[in-house]
């Protein structure tokens with residue numbers, strides 16, 4: 001299994017507008033992607049995302065870059081993980097999934113983003 005590197009951390013939010021303003025002020029940069037369903041900041045080449053549809057009880061999830069989300073998910077499932085969020089295409093060729101470690105429920109995000117340079 002080839003891992004490309006850490007790519008994104010996505011925070012769930014109950015108030016996307018307020019959180020966008022807060023992060024913009026803290027980071028000192030505007031979001032590069034600003035839509036009602038997701039806001040993304042480019043922080044030194046890494047994604048800091050705000051997702052109003054994410055479950056707040058999951059907390060922030062860090063996403064590992066992979067070449068193929070389905071293959072990576074199967075790899076993690078063979079190492080005592082189970083599916084938390086099924087693989088899905090989220091637009092622009094970007095695919096994502098989340099697995100959880102069986103013994104402690106830690107969440108691990110998997111992302112294929114063809115827009116990232118390897």
Handout entry: residue 97 vs. criteria in contact with a helix residue (DSSP H, G or I) (Cβ under 7 Å, 6 or more places away or on another chain), at pLDDT 95 or above and not in a loop (DSSP other than H, G, I, E, B)
Key = yes
Handout entry: Hits in the stretch 85-118 - residues which are over 13 Å from the mean Cα position of the chain (by Cα) and surrounded by 17 or more Cβ atoms within 10 Å (Cβ to Cβ)
Key = 100
Handout entry: Only one of 82, 86 that is assigned to a strand (DSSP E or B), more than 13 Å from residue 11 (Cβ to Cβ), without any contact (Cβ under 8 Å) to a residue 12 or more places away in the chain and touching a strand residue (DSSP E or B) at 6+ places or on another chain (Cβ under 8 Å)
Key = 86
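Do we have residue 116 as closer than 15 Å to residue 3 by Cα, in a helix (DSSP H, G or I) and in contact with a strand residue (DSSP E or B) (Cβ under 9 Å, 6 or more places away or on another chain) here? It would help to see each step written out before you state the result.
Values: closer than 15 Å to residue 3 by Cα: yes; in a helix (DSSP H, G or I): no; in contact with a strand residue (DSSP E or B) (Cβ under 9 Å, 6 or more places away or on another chain): yes.
Against the criterion (closer than 15 Å to residue 3 by Cα, in a helix (DSSP H, G or I) and in contact with a strand residue (DSSP E or B) (Cβ under 9 Å, 6 or more places away or on another chain)), residue 116 does not qualify.
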Practice task
Please enumerate the residues belonging to the stretch 30-68 that are assigned to a helix (DSSP H, G or I) and within 12 Å of residue 108 (Cβ to Cβ).
Solution key: 58
Fill in the blank from the handout: Counted residues in the stretch 3-29 being at positive phi and part of a loop (DSSP other than H, G, I, E, B) come to 1
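The values are calculated or read from the model by the stated rules, or taken from the named source; none is laboratory data. Since the model is a prediction, treat every value here as computed from it, not as a measurement. Counting neighbours? That spans all protein chains shown, and the Cβs are built from the backbone with ideal geometry, glycine included.
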